[in-house]
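Each value in this text was obtained by applying a stated rule to the coordinates, not by laboratory testing. Here the structure is a predicted model, which is why all the values come from computation and not from measurement. All Cβ positions, glycine included, derive from the backbone under ideal geometry; neighbour counts span all protein chains shown.
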Amino acid sequence: MTHSENNAAEINVATKPRAGRPRSVESRRAIIQSAMHILQNDGYAALNIEAIAARAGVSKQTIYRWWPSAAFIVLEALTADMPPQETIAPDTGSLKGDLQDLVRSTVKALAQRRGPVFKALIAEAQADARFAEAFRTSLMEAHREIVRSIVSRAQLRGETAFESDKEIVADVIYGPILYRLLNGHAELDETFAFGLVDAAVAALKYRETGAARRSAEAAE
């Protein structure tokens, strides 16, 4: 999924080794740098262990010691590149404002070079169960946790009921974004971002109003 407005070309990997740093750490860094260089310049289709090893100056065995496939290297780089939650979704004082900041930054990142990378990783997850689990529990879980925090803040402000299902809200936010990314039937832009938030907030409030009404009717 969220999100830094920087794209995959801006992965922040230091280039100068520190004195006394273990060789294994430098090798890992070189491998990640090489993988991201290939990804940025040649695309995901050109990304494989052989190409990464050649560029990093290490053996394929060295890479396999830490990652089962090239996709895992990219996943680690993207997860490490996620900015702090308060940067992605600062507390604006309202549920709508918080979601607008989150969705707008997410959409902007996916509309740029990070989009094709995300699509490739999602495709990889369909063919590799081990990678699918890692993708869900690291990168996607980090994005979902941001939505949970936003809903928790809204609950404390009294904007939404404490019974609100945070997992459903996360699905409502990220589902349309990923569908539009994968299907490509319409633009990922700010108009879409604001429209999605409006629909999500309206649906959440309608659901809670309906639940309250049904509860009151049952009490009668």
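Structure above, values below:
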| read-out | value |
| --- | --- |
| Stokes-Einstein D (µm²/s) once Rh is taken as the Kirkwood radius of segment 84-219 over alpha-carbon pairs, at 20 °C in 1.002 mPa s | 134 |
| Highest average packing first - 183-190, 71-78, Cβ atoms within 10 Å | 71-78, 183-190 |
| Additional length obtainable on full extension of the chain from S94 to N41, 0.36 nm per residue less Cα span | 15.0 nm |
| Whole-angstrom gap from segment 95-140 to segment 57-71, using each part's C-alpha centre | 24 |
| Over segment 26-101: Rg over Rh, Cα atoms, Kirkwood Rh | 1.20 |
| Magnitude of the charge dipole, segment 106-148, Cβ model with Lys/Arg +1 and Asp/Glu -1, debye to 20 | 240 |
